[in-house]
Amino acid sequence: MKILTLLSLLATHLSASSVNIEENAGQFFSSGHTNNWAVLVCTSRFWFNYRHVANTLSVYRSVKRLGIPDSHIVLMLADDMACNHRNPKPATVFSHKNMELNVYGDDVEVDYRGYEVTVENFLRVLTGRLPPSTPRSKRLLSDDRSNILIYLTGHGGNGFLKFQDSEEISNVELADAFEQMWQKRRYNELLFIIDTCQGASMYERFYSPNLMALASSQVGEDSLSHQPDLAIGVHLMDRYTFYLLEFLEDIHPSSKANMNDLFKVCPKSQCVSTPGHRTDLFLRDPGSALITDFFGSVRKVEITMETINLTEPIQQVEQNFVNEERQKETYSYVDQLPVSEIIHQKPKQKDWHPPDGFILGLWTLILLVFFKTYGMKHLKHIF
Amino acid sequence: VCVRVCVRVCVCACVCVCACVCVCVCVCVCVCSSVPQPKDDFQEELVIRPLHSGDIYASFQFRTLWETDFMRGNKVSHYRLFPKSLGQVISKFSVRELHISFTQGYWRTMQWGQPFLPSPPGAELWVWFQDSVTDVDGTWKELTNVLSGIFCASLNFIDSTNTVQPSASFKPLGIGNVTDHRFLRYATLPREIVCTENLTPWKKLLPCGSKAGLAVLLKSEKLFHSSFHSQAVHIRPVCQDWQCKTTSWELRQTLNVVFDLHTPGQGKLEWSLFKMFSRTLTEACPLASSSKIYIDITDDPQGEQFEVSPATHLLSQAMVLGDRRTFSVYDLTQQITFGTVRSLNLLIRWKSRDMLRPLLHAERYVAGYGLQTGEIHTLMYNNHPYRSFPVLLLDSVPWYLRLYIHTLTVTSKGKDNKPSYIHYQPSKDRVRPHLLEMLVQLPPNSVTEVTVQFERALLKWTEYTPDPNHGFYVGSSVISSLVPSIVAMDTNSTREQPLFSSFFPCKEESSYFMRVYTEPLLVNLPTPDFSMPYNVICLTCTVVAVGYGSLYNLLTRSFQIEEPSPGLAKRIANIIRKMRGVPPL
């Protein structure tokens, strides 16, 4: 009897573990994305908004650590805090009091900085409608299998987010931009996180599918900052992003934490404001979406044992470096300040412009006087 | 050649196991060893010069020489030491010469002497295009956008409002027989901030990256905690040998930094590599053919005032900036330099330094009061006791400062000094800036003052930056001159010279070419009150609502008599009366 119970227990345990393995394997192929992108925006300028830059850089740091490369991150910082002359420790941006964690680091690439962070540029990046000469690092080259993380921080209000103290983006514009992205198939799933006052108002108007949104405070509430640092003299981070960073520091690329854990970050006791989230537009169950689906770039690797034969290396075409069409002229360095040549420089040929109004009037007057004096019969000799 | 190439590559593989670059090189070169590959060569050097005020000046130069031809439509597809991103930029935009620099801080000539490579505060870009380019302005715009992506800088703000076409300054620094200034474009962004995000892509252009060689010293936390930091990229064609029948491409990456004596907290005149860069050197870059450190010991060759440790007996003399200077040399390709501890930390101690009095020095400031008019003063100092020399002054003023050229005066020693060449191109609102170029002869031991009055323009309210009360920048003036040298300069350009003395080509022995940049100016433009549109809307709406609304209501409102609703008792009585069929109360 005891042996039977033992055997049955063993059988159930084995079946449970095999189900576990199958579950793991099933999860391996559950999410439909093949690449990850991140758009991280800090919209505030001036030294006292240090914490917004620190917020964005903390998310940047976590996202890079979990695997998304710089080429897939569009980082927009509206002002430079690290090399600001008020920063007592240049080239650093700290997120913790007592300068424990430098989120700026040594390997950072900011794509849009200073005056370039405008509502127009942000919307152009999202919708992909950029001028043709924009470099690749400034574009969001996502496709319909991309999971995109969008993080915004700054000063905001009920239905708007302020960009650089001079313009605003409204929640309607943002929702329309996401709809444009959906219609052009520019994302597979999109996670939108916003850390501003009354942040929940920014995701109220979304209507495109596959969007999940998180905000640091509800409508009518302010998001508060975490702690000031007496050496630097400003507040270093906002509460919501501080606890979000703490949560993300525990995530590693093979972590199985899902979105429900993310919703629990920063409860009212820690944040003072009530963080909100919206998942009704998200087609999957949030519990099945992993954190690394958005914050990391987990590559699915298949190991194969078959051999591939490399083709013959390309033979470089014999180039005669010595003779053929090579001119036999001798080159020389140019004189840097040829004084005599400059003094005798002829004035540049001016581009021809059509005659000015004054010149035209003068000629008309001359012709008029001529024909008045000599009569109209001379007209045919002219024309 | 084939055999030698293969052997060298094999050694290379043994030395650096972790650097991916080396591995790739090995595979490619060994395979096609029968065809002569265009040779490329990489050299790195660091020059350390202690300054009079106790500060210390460190200048890094990394040079890659590549014997290939980007011109005449040659397709280059195999890149080894030359970075591919820059090579593609050169061939796509038909660039003949490219000079870009990012600087934080202003070079104080009177305290620090002359820099090896001058640069203005902010970002500066000047490019010579090849004659085959048909639309130079369009190509310039595309080039600035591409470079803004490569260097993570907002160079896309360079447009026609801050680009000029100098007519006599900025002659090509590389070889060339034709200099038509139609193919030259120059622009500065004095507001551009330089930080780690500009240093990171710059370091990635180096063959060894920041993993080996002198580039390991480039740590941003120390480099940006300095009085002056400048990083630049210079690309130009140079002569391959003394005959100069073939050209090769030279890429120079330079980084100049001046560390402040008082920043680390210690006031002693003692510097070490660790104190400056928080790193020591352990090896040279394996891809470098030469890797050297030069320390300027000119004022004290005996070693009484000056002490350098670990000591070296390698000395070298070089003609730089018109003066013959002596340098202690540390060769990093020799294993003996690193000693038994396998790391090199140079220690430099000195008691006092002679002041290097620069021969040419310039200042610029804005005079006047109020927000309507002002005056720009540029002062040029010639400190040579008996020689006069010509200088070419280039001024590019934005269109919103309207210069009155009839008020332009050039005075030296109280007397009028007529320039022998003036080129002025007036500005066009929102299209072009002012361009003023003058060739002035500076008399010996004098101050020459150039003044011009201007008027400030009112911008449209959408043209103001988000922080308009900070002010608007005017780019630095550029002063190019041939300064008489103290010793005879070496005009033989092909002798083995250290990199820092061979940047500007030298054509005559009695003088050398130098460029000085003045300070950028910060002017306040009359700034409107940006809250006024909101105020006007509120006020107008209130007036309309109160005034028109009341009138409309008075005219169109009609009154109807309405019985007040009866009390509870009356209502119950009415219900009972309705049930009885009797008229209500």
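The table below gives the values:
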{"read-out": "Within-12-Å neighbourhood charge of B:Asn198 [Cβ basis; K, R +1; D, E -1]", "value": "-1"}
{"read-out": "Kyte-Doolittle at least 0.5, axis length at least 20 Å by Cα - qualifying DSSP helices, chain B", "value": "B:2-15"}
{"read-out": "Positive-end residue, region B:116-223 charge dipole about Cα centroid, Cβ charges, pick of B:Leu218, B:Pro118, B:Thr188", "value": "B:Leu218"}
{"read-out": "All Cα pairs of region A:93-185, percent lying beyond 16 Å", "value": "65"}
{"read-out": "Fraction in percent of alpha-carbon pairs per bin - 10 Å, the protein assembly as shown", "value": "2, 9, 16, 19, 19, 14, 9, 5, 3, 2, 1, 1, 0, 0"}
{"read-out": "Long-range Cα-Cα pairs in region B:186-266 (distance over 16 Å), rounded percent", "value": "64"}
{"read-out": "Taking N as its residue count, the alpha carbon Rg of region B:489-558 over 2.2 N^0.38 Å", "value": "3.25"}
{"read-out": "Principal axis dimensions, largest first and in whole angstrom, of region B:421-539 by Cα", "value": "77, 32, 26"}
{"read-out": "Given charges at Cβ of Lys, Arg, Asp, Glu: region B:46-186 dipole, positive-most of B:Ser94, B:Val136, B:Thr64", "value": "B:Thr64"}
{"read-out": "P(r) histogram, all alpha-carbon pairs of region B:372-439 included - 5 Å bins from 0, percent", "value": "3, 13, 24, 24, 15, 10, 6, 3, 1, 0"}
{"read-out": "Partner lysines for B:Lys219 [C-alpha distance under 30 Å; skip if fewer than 8 residues away on the same chain]", "value": "A:Lys64, A:Lys89, A:Lys97, A:Lys138, B:Lys84, B:Lys203, B:Lys204, B:Lys211, B:Lys268, B:Lys275, B:Lys292, B:Lys351"}
{"read-out": "Debye log10 I(q)/I(0) at q = 0.20 Å⁻¹ for region B:120-228, Cα point scatterers", "value": "-1.11"}
{"read-out": "Dimensions in Å of region B:538-583 - Rg and Dmax from alpha carbons", "value": "21.5, 61"}
{"read-out": "Rounded D (µm²/s) - chain B, Kirkwood Rh over Cα pairs, Stokes-Einstein at 20 °C, 1.002 mPa s", "value": "77"}
{"read-out": "Region A:256-272 - phi-based ³J(HN,Hα) in whole Hz, Karplus 6.51/-1.76/1.60, Gly and Pro as x", "value": "10, 5, 10, 5, 4, 5, 5, 5, 7, 5, 6, x, 4, 5, 8, 8, 6"}
{"read-out": "In sequence order, calculated HN-Hα J values of region A:166-177 (Karplus, 6.51, -1.76, 1.60; Hz; x Gly/Pro)", "value": "9, 8, 10, 10, 9, 5, 5, 4, 5, 5, 5, 5"}
{"read-out": "For A:Gly276, residues with placed amide H under 5 Å, excluding near neighbours", "value": "A:Ala215, A:Ser216, A:Ser217"}
{"read-out": "Where N is the number of residues in region B:348-468, Cα Rg divided by 2.2 N^0.38 Å", "value": "1.33"}
{"read-out": "Sparse-neighbour loop sites [trypsin sites (Lys or Arg not before Pro); region B:270-365; at most 12 other C-beta within 10 Å; DSSP]", "value": "B:Arg342, B:Lys351"}
{"read-out": "Under-5 Å amide H pairs with B:Thr298, H placed in peptide plane, nonlocal only", "value": "B:Thr326"}
{"read-out": "Chymotrypsin sites (Phe, Trp or Tyr not before Pro) within region B:339-429: DSSP coil, no more than 10 neighbouring Cβ in 10 Å", "value": "B:Tyr369, B:Tyr386"}
{"read-out": "Pair-distance profile P(r), taking every C-alpha pair of region B:197-338, with 10 angstrom steps and integer %", "value": "9, 30, 40, 17, 3, 0"}
{"read-out": "All lysines inside 22 Å of B:Lys570 as judged from Cα atoms, apart from same-chain residues fewer than 8 positions distant", "value": "B:Lys578"}
{"read-out": "For chain B: relative contact order, % (alpha-carbon pairs under 8 angstrom, 6 or more apart)", "value": "14"}
{"read-out": "Table column - 3J(HN,Hα) (Hz), region B:355-365, Karplus curve with 6.51, -1.76, 1.60, x for Gly and Pro", "value": "7, 8, 8, x, 6, 10, 8, 9, 9, 8, 8"}
{"read-out": "Kirkwood-type radius of region B:284-412, with distances r between different C-alpha atoms, in Å", "value": "19.9"}
{"read-out": "Interchain or long-range residues, amide H under 5 Å from A:Asn258's placed H", "value": "A:Ile291"}
{"read-out": "Unit charges on C-beta of K, R, D, E only; dipole of region B:158-279, Debye", "value": "240"}
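Values quoted throughout were computed directly from the atomic coordinates according to the rules given, and no laboratory measurement underlies them. Predicted, not measured: the structure shown is a model, and the values here were computed from it. Counting neighbours? That spans all protein chains shown, and the Cβs are built from the backbone with ideal geometry, glycine included.
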